[in-house]
Amino acid sequence: LIQRSAGALEAAEIEIGARPSHFEVVTALAFKNFQEQKVDVMVVETGLGGETDATNVFPPANLAAAVITTIDREHLEALGGTTASIARAKAGIIK
C-alpha cells in the first residue's frame, strides 16, 4: 500500500506546499486501505483537536455520528491556550 501510494503522497506534498505529517500520511494510508477493503463502517478517532485534524475529511452525508469525549487541558498549547479554545477545535468534527 505504501509503495502504491507514493505518487499520491508526493502529489499531496506539492499541492499543499509542505510535507504531510506522519499522522496525516498514516491516516491517508488507513483510509485508502479501508476503501480497498470495502468496509461498511469505520470508527475513526481524531488525532489532535478536530477542526483541522487529518481525520476530518468526510462529508456530512457519510457520517453517522461524531462523539466528543471529555474536554481536558492535555493539548492546551497546541489548541489555543484555554479549555474553551480546545472545545472549539474539537467541535470542528461536528457536521
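The values are calculated or read from the model by the stated rules, or taken from the named source; none is laboratory data. These figures come from a predicted structure and were not determined experimentally. Note that each Cβ is placed from the backbone with ideal geometry, even for glycine, and that neighbours are counted across all protein chains shown. For the accessible areas, the whole protein counts, side chains as well, though only heavy atoms, and no ligand, DNA or RNA atoms are used. Shrake-Rupley method; radii C 1.70, N 1.55, O 1.52, S 1.80 Å.
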(request) Would you check which residues across the stretch 19-57 are open to solvent by 50 Å² or more (accessible area, probe 1.4 Å) and over 21 Å from Arg4 (Cβ atoms) and list them? (result) Asp40, Val41, Val43, Val44, Glu45, Leu48, Glu51, Thr52
(request) Scan (1) touching a Phe, Trp or Tyr at 6+ places or on another chain (Cβ under 9 Å); (2) of a type outside the set (Val, Ile, Thr); (3) free of Cβ contacts under 8 Å to residues at least 12 places away in the same chain for the single condition Gly7 breaks and write down its number. (result) (1)
(request) Give the residue, chosen from Leu48, Leu29, that is touching a helix residue (DSSP H, G or I) at 6+ places or on another chain (Cβ under 9 Å), outside any helix (DSSP H, G or I) and in contact (Cβ under 8 Å) with a residue 24 or more places away in the chain. (result) Leu48
(message) Looking at the structure I just gave you, is Val67 open to solvent by 80 Å² or more (accessible area, probe 1.4 Å), on the phi < 0 side of the Ramachandran plot and assigned to a loop (DSSP other than H, G, I, E, B)?
(response) yes
